[in-house]
Structure formats: structure tokens, C-alpha cells
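Note sheet for the following structure.
Taken together, the values in this text are just the output of simple stated rules run on the coordinates, not laboratory data. Note that the structure is a prediction, hence the values are computed from the model and not measured. Glycine gets a Cβ as well: all are built from the backbone with ideal geometry, and neighbour counts include every protein chain shown.
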Amino acid sequence: MDVNLRILRYNPEGDAAPHWETYQVAVDPMDRVLDLLIKVKAEQDGSLSFRRSCGHGICGSDAMLINGRNRLACRIRVDQLGKKISVAPLPGLPVVKDLIVEMSGFFGKYRTVKPYLINDQPEPERERRQSPGDRARFDDTTKCILCAACTSSCPSFWARPEYVGPAAIVQAHRFIFDSRDEGAAERLEILADENGVWRCRTIFNCVDACPRGINITRAILEVSSAIVGRRG
Ligand code: SF4
Ligand code: F3S
Ligand code: FES
């Protein structure tokens, strides 16, 4: 079958503004959007620029706006989208070229929540042990692949780019509720800031966008509750 693939193109070295280009592409219904982009680049326009690495939903590098929703290009198939497919860069982030967005601000926010184990106790002889129940407490948020689909779909982030965003809160949650970690108070202090968790208006776009199925809103509410509990 043929699909009509529209791609929002932008080359900062020649274009005054982004513009749509349309490509007719012969596809199999089971092809993924990433396959289509690779095909266009190989057969129609070698200058088309996009990020990808693993090709299997693990690295998080090919999140983009596909038929109006943030998706991983390597996970969404033609048979889920139909014969008209539009692809644009993630909203709310500066475009570097075509489907490539500037991620340094996103990763800067990620770093502010100290996304690593904090524990100054002497190292045990073997691993720091944890019960299955304690591990389950933060299991959902370990699944994050830092694709930015959530943060870039969030209207609160669009309105206020200083908002730390759902991805950074998910990453903070992963450590705040880890029984081996001792940095929760520091992270809760950071997220109690005016650009922290209170910027979330429970709009749920993030949950819809997350390719890992993480219950992001629940994670945000749990972090908010921990901040309130800390004050109490
Ligand atoms: Fe991507 Fe989900 Fe992680 Fe957000 S929480 S960065 S959507 S994997
Ligand atoms: Fe934004 Fe998700 Fe909250 S879309 S407002 S972070 S529920
Ligand atoms: Fe790695 Fe899609 S290419 S997640």
C-alpha cells in the first residue's frame, strides 16, 4: 500500500520557518513510522534529519509528534495510523533541524533532581539489600527511557518552560521511594520549588504520551504528597 507522509521540515541554514513536505511511500501495514523515515531518507531526500538508535523502544531517541500525538517512531505502525501520516518534531522544544529537537534543557532539568543513588553509609560487603516489596514501591518509574514525550506534551510546560516537567519528576520518584537512598529530603526540597510539582495541573497528556505506560500522574501526586507530609 501507499501512504501519504507529511513531514514538518526545517533547515536553519536556509529556511525562514518550518514547512510541510509530502512524500508518497510504498509501505507494508506492519512497517513502523521509523521505517518510513528511513525509506524517505534513503530513496527520496538524504537531507531528512531525525534521531534514532535502538529501533526497538529502548533508547528513547525517536520520540516525535505523529498524527498529533507524541509517539516513538519505532513503536507505532502504519496499520495503527492509516494512509495519511503526519510527523513533526516534539512540541515545546527548540528545533535543531527537521525532527531533531534541542534536548539540553530537558536533560538539564533531569540533572537537577539528582537522578542517582545517594547513600553515604559505608559500603556493605555485598549489595545493598532490599525486599521485593521495597523494590516494587518504585518499579513503575524505573521504566522511564527519557524520551521526553511526556514533558513535551504537557501544556503546563508549554506555558512555563521553567517547569521541571513530568520526566524529571518521574526520575526523582524512582530514587525518592527507593529504600536504599538517603537523598529524598534534598530532592523534595528541589521539587517543592515554584517550578516543581505544583506546576502540574493533572492534565494527563503525559500519561497518554508515555511509551512505557508509566502512571506519571500518580508518581507526581506521590511526590507532592511526600512534600506535604514533610511539611506536616
Ligand atoms: Fe518518556 Fe515516559 Fe520517561 Fe516521560 S516518563 S520521558 S514519556 S519514558
Ligand atoms: Fe502536565 Fe502531566 Fe501534569 S500533562 S499538567 S505533567 S498530569
Ligand atoms: Fe530507540 Fe525508538 S529508536 S526508542
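Please give every one of the aspartates and glutamates within straight-line cross-link reach of K84, meaning a C-alpha to C-alpha distance under 12 Å, and leave out same-chain neighbours fewer than 8 residues apart.
K84 reaches D2.
Only counting other Cβ atoms within 10 Å, I'd like H19, H173 sorted with the fewest neighbours first.
Details: H19 11, H173 27.
In increasing order of surrounding Cβ atoms, one gets H19, H173.
Compute the Rg to Rh ratio over the range 60-115 from the alpha carbon atoms, using the Kirkwood formula for Rh, and round to two decimal places. Write out the running numbers ahead of the final one.
Details: Rg = 13.3 Å, Rh = 12.5 Å.
Result: Rg/Rh = 1.06.
Which of K41/K143; K41/K97; K39/K143; K109/K143 have a Cα-Cα distance over 26 Å?
Numbers: K41/K143 31 Å; K41/K97 14 Å; K39/K143 30 Å; K109/K143 18 Å.
Where the Cα-Cα span goes over 26 Å, the pairs concerned are K41/K143; K39/K143.
Would you mind ranking S152, S53, S224 so that the residue whose beta carbon has the fewest other beta carbons within 10 Å leads the list? Mind showing how you got there, number by number?
Values: S152 27, S53 11, S224 18.
If I rank by nearby Cβ atoms, fewest first, I get S53, S224, S152.
In whole Å, largest first, what are the principal axis extents of the Cα atoms in the range 90-199?
Answer, in whole Å and largest first: 50, 28, 23 Å.
Describe numerically, in nm with one decimal, the distance between label points set 7 Å from Cα along Cα→Cβ at F107 and at A136.
If labels sit at F107 and A136, their model points lie 3.6 nm apart.
Out of D31, D62, D15, any idea which swings most in a Gaussian network model of the chain, alpha carbons joined below 10 Å?
Between D31, D62, D15, it is D15 that shows the largest mean-square fluctuation.
In the Gaussian network model of the chain, springs joining C-alpha atoms below 10 Å, which of I169, I145, I216 carries the largest mean-square fluctuation?
Checking each option, the largest mean-square fluctuation is seen for I145.
Quick one: length gained pulling E21 to D193 fully straight, 0.36 nm per residue minus the C-alpha distance?
Working: separation 172, 0.36 × 172 = 61.92 nm, distance 4.22 nm.
Stretched fully, the E21-D193 segment lengthens by 57.7 nm.
Report, to one decimal in Å, the Kirkwood hydrodynamic radius for the range 141-232 based on all distinct Cα pairs. Present the calculation step by step, with values, prior to reporting the outcome.
Values: mean 1/r = 0.0766 Å⁻¹.
The answer is 13.0 Å.
Dipole size in debye (nearest 20) for the range 1-88 around its Cα centre, Lys and Arg Cβ +1, Asp and Glu Cβ -1? Intermediate results must be reported in sequence, preceding the final value.
Details: 13 positive and 11 negative charges, 74 e Å.
For the range 1-88, the charge dipole is close to 360 debye.
What's the extension gain from R180 to S53 if we count 0.36 nm per residue and subtract their Cα-Cα distance? Mind showing how you got there, number by number?
Working: separation 127, 0.36 × 127 = 45.72 nm, distance 3.22 nm.
Here the answer is 42.5 nm.
Before anything else, pin down the relative contact order of the chain: Cα pairs under 8 Å, at least 6 apart, normalised by residue count, whole percent.
On the way: 384 pairs, mean separation 41.9, N = 232.
Relative contact order here is 18 percent.
For the range 1-76, take the alpha-carbon Rg, divide it by the Kirkwood Rh, and send me Rg/Rh.
On the way: Rg = 12.5 Å, Rh = 13.2 Å.
Using only Cα positions, Rg/Rh for the range 1-76 is 0.95.
So what's the gap between the Cα centers of the range 172-232 and the range 1-20, to the nearest angstrom?
If you average the Cα positions of each part, the centres end up 37 Å apart.
Quick one, could you list the DSSP H helices from the chain stretching 24 Å or more along their long axis (Cα atoms) with average Kyte-Doolittle hydropathy of -1.0 or above? The partial results should precede the final answer.
Numbers: long enough: none.
The answer is none, since no helix passes both cut-offs.
Taking the convex hull of the Cα atoms, report for the range 12-120 its projected area averaged over all directions, in nm².
Working: hull surface 35.4 nm².
For the range 12-120, the mean projected area of the Cα convex hull comes to 8.8 nm².
Checking the cross-link filter: which aspartates and glutamates have an alpha carbon closer than 14 Å to that of K114, excluding same-chain neighbours under 8 positions apart?
Those aspartates and glutamates meeting the cut-off are D178, D181, E182, E186, E189.
For the range 101-153, report the convex hull volume of the alpha-carbon atoms normalised per residue, in Å³, without decimals. Please list the in-between numbers first.
Details: hull volume 6.4 nm³, N = 53.
Expressed per residue, the convex hull around the Cα atoms of the range 101-153 is 120 Å³.
Do the sum for the chain: with -39,500 (n - 2.57) for every DSSP H run of n ≥ 4, divided by all residues, what is the mean residue ellipticity at 222 nm, to the nearest 500 deg cm²/dmol?
On the way: 8 runs with 70 residues, N = 232.
Using -39500 (n - 2.57) per qualifying helix, the result is -8500 deg cm²/dmol.
With 24 Å as the cut-off, how large is the P(r) tail for the chain, expressed as percent of Cα-Cα pairs?
Details: 13165 of 26796 pairs.
Looking at the chain, the distances longer than 24 Å represent 49 percent of pairs.
For L221 paired with D45, estimate the spin-label separation in nm (one decimal), with each label point 7 Å from Cα along the Cα-to-Cβ line.
It is 4.4 nm.
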